[in-house]
Every structure is written in C-alpha cells, then in structure tokens.
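Any read-out appearing in this document is the output of simple, stated calculations on the displayed coordinates, not a laboratory observation. Because the structure is predicted, anything quoted here is derived from the model rather than measured. As a convention, Cβ positions derive from the backbone with ideal geometry for all residues, glycine included, and neighbour counts pool all protein chains shown.
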Amino acid sequence: MRLNELHDNPGATKARRRIGRGIGSGKGKTGGRGVKGQKSRSGVAIKGFEGGQMPIFKRLPKRGFNKPNRKKFAEISIRRLGQAIEAGVLDLKKDVDANALVAAGVIRRAHDGVRLLGTGKLSAAVKLTVAYATPGAQKIVEQAKGSVTISDAKPVKPEEAAPKAKKKPAVKKEAAPKAEKAPAKKAAPKKAAKKPAKKDSGEARHVPYWEAVKKYDADASEDVVRKIVNYCGIALNSRDGKFVACTDAEERDTVRDGFLKKKLKLKGDDADLDAKVMAVCEQMKKDRLKNRVIFYYLLAQNENMLGDL
C-alpha cells in the first residue's frame with residue numbers, strides 16, 4: 001500500500017455541479033436563477049408586487065379628509081399692528097377692518113378674514129373688526145382703550161362692492177330716406193376738450209403721517225406735513241423708502257445730501273450735518289422703525305426752517 005493509492009469508497013464523494021457552463025451542462029444560461037437581471041440577484045425583492053393579486057396598499061382603506069370648502073385666514077400679530085400704528089399708516093379715527101389693513105400695506109391679502117394673534121403692547125387705541133382674536137390679543141387691545149369686534153362676514157373688495165351697471169339693449173334706428181347730396185362744407189377744426197383737473201391724490205395720504213408727527217409736536221402744521229409727503233413722493237410706497245435706518249451710513253448720507261443740502265439748502269462741513277442727522281436719530285431712539293416724514297419734520301424743526309419747506 002502506497003500513499004498515492006489511498007482513496008475513498010466508490011460513491012462516497014460527488015463533484016459539485018458547475019453552473020453557467022452552457023445549456024448542455026443543465027445549469028447554463030440563467031445559472032439556476034430562472035430569470036435575468038435584478039430578480040436573479042441575491043437580497044433583492046420587487047416591493048409591492050404580489051404575483052398579480054390586488055396588493056396590500058390597494059386593499060387597505062385610506063384615512064383622512066381634506067375639506068374642499070375650508071377657509072383661509074390672514075394672520076396679523078400685535079407686534080406688526082403696533083409697528084403700523086407707530087408708522088402712522090392706519091387711520092385710527094375709523095374702524096380698522098381687513099380692507100383697511102390691506103390698503104395700508106400691513107397685510108398682503110385678506111382672504112376669508114383676519115386673525116389677531118400674539119402678545120406685546122399697543123401705543124394707541126384702535127377699533128378692530130376681525131374674524132378671530134385670541135383672548136390675550138383681545139385683552140391687549142382693550143388695555144390700550146381700543147376694541148375688538150368679531151365678524152364672520154367675508155371681506156368684500158371695493159371693486160366688487162359696487163354693482164355693475166346693466167347695459168341697455170341697443171335700439172335699431174330706422175334708416176332715413178336718402179336725400180340729395182348737398183355740396184360738402186369744410187368741417188370746422190374741432191377744439192380739444194378740456195380735461196377735468198385732477199384731484200390732489202395726496203389730500204388724504206398725508207393725514208396718517210400728520211397724526212404720527214403729533215406725537216413729537218402737538219402743534220404740527222398739516223400744510224407742512226403735506227409738503228414733506230409730496231417731497232418724498234412715491235418713495236413712501238416701499239418699505240426702504242418709508243423708514244430711515246440710522247445704523248446704515250449710506251442712508252444717513254442720503255438724508256444729509258438729499259434733504260439737508262438739497263431741500264433745506266444748508267451749507268457747512270459734512271461732519272456738522274451728520275451730527276444733526278444723528279441728533280434726530282437720538283431723538284427718535286424709542287421708535288424701532290423711524291418714519292421718514294417724521295424724521296424730515298424734526299430735521300427742519302431743529303433748524304427752525306419749517307416755514308421754508
């Protein structure tokens with residue numbers, strides 16, 4: 001007996017089947033996986049397919065509901081309302097409703113009503129008409145000697161409130177019998193119709209600013225405030241133009257060059273003029289948003305030049 005003659009019993013061992021070695025091997029082509037591609041890989045399952053029967057995600061009921069006629073409200077906080085009051089954009093003599101807030105630029109759209117939220121303090125009394133107000137917000141308004149009226153009525157746009165005039169049906173005129181043509185006369189030149197004079201669009205626009213200026217000068221002249229508003233013009237329609245940022249050096253230079261030098265025609269060193277601008281900034285330090293009309297009024301008042309505007 002030699003080592004190279006040692007072997008196992010016949011049939012005790014069997015060679016493994018080698019897959020993927022041609023169709024004739026018995027395990028060719030797909031190598032016993034049955035299919036090609038993703039399904040032939042280990043650790044892969046096609047999610048959701050159940051052999052053709054209705055899958056479970058379609059058999060189970062769906063929960064939840066989105067109301068088709070749900071209402072959408074615009075929200076305003078006590079802090080934002082206080083900023084609008086301090087800026088003087090609201091007419092506090094009248095009731096302040098959703099349309100008044102939109103017209104003043106406090107909110108963009110009224111939707112189905114306005115909800116009053118938040119905490120803080122108000123510096124003036126205001127009569128509000130809103131769709132909802134939290135108990136805390138309502139108490140803050142009442143502490144400022146104001147009032148809150150809850151109304152479920154949907155805000156109506158001014159253009160929708162006016163009824164449209166019905167067009168009268170056109171009446172056909174009977175054709176007049178043709179007459180003999182007379183010699184043509186030269187038509188006289190038509191005179192241009194006089195256009196009606198436009199009303200002063202800023203007549204009511206200056207009133208809120210006038211009310212705001214009275215916090216600093218109780219005897220403020222309405223005519224002076226109107227002149228400042230007209231001088232600022234369309235710049236007051238934007239947030240950057242409506243307020244003065246004392247922390248911005250470029251903004252202070254604009255006030256110095258545009259108002260003190262150009263409007264009031266003050267002459268002197270820029271450092272002296274900058275000091276006058278900073279003096280008004282210190283005078284209005286309690287106001288987080290410094291209204292441009294009030295700022296210009298105080299600059300002219302400090303120089304005793306209100307009558308020169």
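For region 1-86, run through the GluC sites (Glu not before Pro) and keep only the ones in DSSP coil with at most 16 other Cβ atoms within 10 Å of their Cβ.
Sites meeting the loop and neighbour criteria: GLU50.
For LEU60, LEU236, which order do you get if you count the other beta carbons within 10 Å of each Cβ and list the fewest first?
In order of increasing Cβ crowding within 10 Å: LEU60, LEU236.
After finding the eigenvalues of the alpha carbon gyration tensor for region 74-157, what semi-axes result from the square roots of 5 times each, listed largest first in whole Å?
Numbers: eigenvalues 60, 41, 25 Å².
For region 74-157, the ellipsoid semi-axes come out as 17, 14, 11 Å.
Out of region 270-309, which trypsin sites (Lys or Arg not before Pro) are coil in DSSP terms and have no more than 12 other C-beta atoms within 10 Å?
Details: sites: LYS276, LYS285, LYS286, ARG288, LYS290, ARG292; in loops: LYS285, LYS286, ARG288.
Hits after loop and neighbour filter: LYS285, LYS286, ARG288.
Debye sum, Cα scatterers, region 211-304, no solvent: what log₁₀ I/I(0) at q = 0.16, 0.17, 0.21, 0.24 1/Å?
Computed log10 I(q)/I(0) values: -0.62, -0.71, -1.13, -1.51.
Any number yet on Rg/Rh for region 19-115, C-alpha, Kirkwood?
On the way: Rg = 33.2 Å, Rh = 20.5 Å.
For region 19-115, the value is 1.62.
Among THR254, THR13, what is the fewest-to-most ranking by other Cβ atoms within 10 Å?
If I rank by nearby Cβ atoms, fewest first, I get THR13, THR254.
Rg and Dmax of region 94-143 over Cα atoms: what are they, in angstrom?
Here Rg and the maximum Cα pair distance are 10.8, 28 Å.
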